[in-house]
Amino acid sequence: MAFVLGIDVGSGYSKAVVLEDGKIRSYVVIPSGGDYREAGAAVAKAVLDKIGITRADVARTVAAGYGGNMVDFADDTSTDISCHAVGVHHLFPSARTVMDVGAQYSRAIRLDDEGRIVNFIMNEKCAGGSGKFLQVAARILHMNVSDIGDLSLKAQKPVEFTTGCAVFAESEAVSRISEGASPADILAGIHNAMASKIVTLAMRVGLSPDYAVTGGGAMDVGLVNSISAELGTKLLVPDHPQVTAALGAALVAWQQIKV
């Protein structure tokens, strides 16, 4: 019996996965807050507490993500791009194009048949294709981000946004509300605008099926539907899309102790 721990300290959320003999035993997602060192320690404690073990029981820990280097108890670090690739390939061996929709930025990754990274690109300067856009929408409409997806599915006439920028779209959304547009139609329009930016990003690495979507944005069924419509095909979505990179980090740790 051997435990390994994978940690992904993201800009918005920190995630951790424990594997026992290569199989998932526990996972946790918590807000990162402003202290990544503290977030890494907190998410590790939370995920280990779930199964009643401590860091002393863990054979290997690999950290990744925006604050991965701040996890001072990790045995090794890896890039979150690499860990996403490992995690997605483990879950969906047929996936060739990965679209990760994070809290602050999105990225696209192209994989080969063996799950190796062929190309990748990040879009961290604009929030228009990231979870930040969804947070802006939730604030404008005075609702929880978790409720956005289901409500958007009730849209009758999705609003067409003239901009893909989250800053300008906020003003446009406020104007549409004053014109009488329904929240569902506004949200569907935001999803469509985000989907266009995300798919455009993916096109830059070379579109190739199958397509997978990960990150917190993949928890939004409305956004997933919009991306699917933009591509004209069904998407592969993990059961727990936020922890894909943490899973990949744990799988890297597992491979390291098997060598």
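Relative contact order of the chain: what whole-number percent is it, with Cα pairs under 8 angstrom and at least 6 residues apart? Let's see the in-between values first.
On the way: 588 pairs, mean separation 64.2, N = 259.
Across the chain, relative contact order equals 25 percent.
What is the fewest-to-most order of HIS240, HIS191 by other Cβ atoms lying within 10 Å of their Cβ?
HIS240, HIS191
Name the residue, out of ALA44, ALA56, ALA74, whose mean-square fluctuation peaks in a Gaussian network model built on the chain with Cα pairs under 10 Å.
Top of the fluctuation ranking is ALA56.
Could you line up MET143, MET99, MET1 from fewest to most neighbouring Cβ atoms inside 10 Å?
Details: MET143 14, MET99 26, MET1 6.
Fewest to most other Cβ atoms nearby, the residues stand as MET1, MET143, MET99.
Only Cα pairs within less than 10 Å get springs; with that Gaussian network setup on the chain, which residue of LEU236, LEU223, LEU151 has the largest fluctuation?
Per the Cα network of the chain with a 10 Å cutoff, LEU151 tops the list.
Give the lysines reachable from LYS45 as a straight Cα distance under 21 Å; neighbours fewer than 8 places away on the same chain don't count.
Within the straight-line cut-off, LYS45 pairs with LYS15, LYS23.
Run the simple label-point estimate for MET1 and ARG55 please: 7 Å along Cα→C-beta, distance reported in nm.
In this crude label model, MET1 to ARG55 measures out at 2.2 nm.
State the answer as a single residue: which of ILE198, LEU235, SER94 lies farthest towards the positive end of the charge dipole of segment 93-237, with beta carbon charges of +1 for Lys and Arg and -1 for Asp and Glu, about the Cα centre.
ILE198
Pulled fully out, how much extra length does the chain show between HIS142 and VAL118, if you take 0.36 nm times their separation in residues and subtract their Cα-Cα distance?
4.5 nm
For the chain, what does the helix formula give at 222 nm: sum of -39500 (n - 2.57) over DSSP H segments with n ≥ 4, over the residue count, nearest 500 deg cm²/dmol? Numbers along the way, then the final one.
Working: 8 runs with 102 residues, N = 259.
The per-residue figure over the chain is -12500 deg cm²/dmol.
How do HIS142, HIS84 rank when sorted from fewest to most other Cβ atoms within 10 Å of their own Cβ?
With the sparsest Cβ surroundings first, the list reads HIS142, HIS84.
Select from the chain the helices, each a whole stretch of DSSP H, whose alpha-carbon atoms run 20 Å or more along the helix axis and whose Kyte-Doolittle mean is at least -0.5; answer none if there are none.
Those that pass (Cα extent of 20 Å or more, hydropathy at least -0.5) are 183-203, 244-258.
Modelled label-to-label distance, SER178 and THR79, 7 Å Cα→beta-carbon offset: nm?
Between SER178 and THR79, the label points sit 4.5 nm apart.
What shape does the chain take by its C-alpha gyration tensor, where a ≥ b ≥ c are the square roots of the eigenvalues and a/c under 1.5 counts as rounded, a/b above b/c as prolate, and the rest as oblate?
Taking the square roots of the gyration eigenvalues as a ≥ b ≥ c, the chain is prolate.
Sort out the exposed loop trypsin sites (Lys or Arg not before Pro) in the chain (DSSP loop, at most 14 other Cβ within 10 Å) and tell me the longest stretch that has none.
That gives 51-115 as the longest site-free run.
Quick one: among VAL224, VAL213, VAL159, which has the greatest mean-square fluctuation in a GNM of the chain with alpha-carbon springs under 10 angstrom?
The residue that fluctuates most here is VAL159.
Over the Cα atoms of segment 1-99, what is the Rg over Rh ratio if Rh follows Kirkwood?
Details: Rg = 13.0 Å, Rh = 13.5 Å.
Rg/Rh for segment 1-99 comes to 0.96.
No lab work stands behind these numbers, since they all come straight from the coordinates. Owing to the predicted nature of the structure, the values given are computational and were not obtained by experimental measurement. Note: ideal-geometry Cβ built from the backbone for every residue, glycine included; neighbour counts use all protein chains shown.
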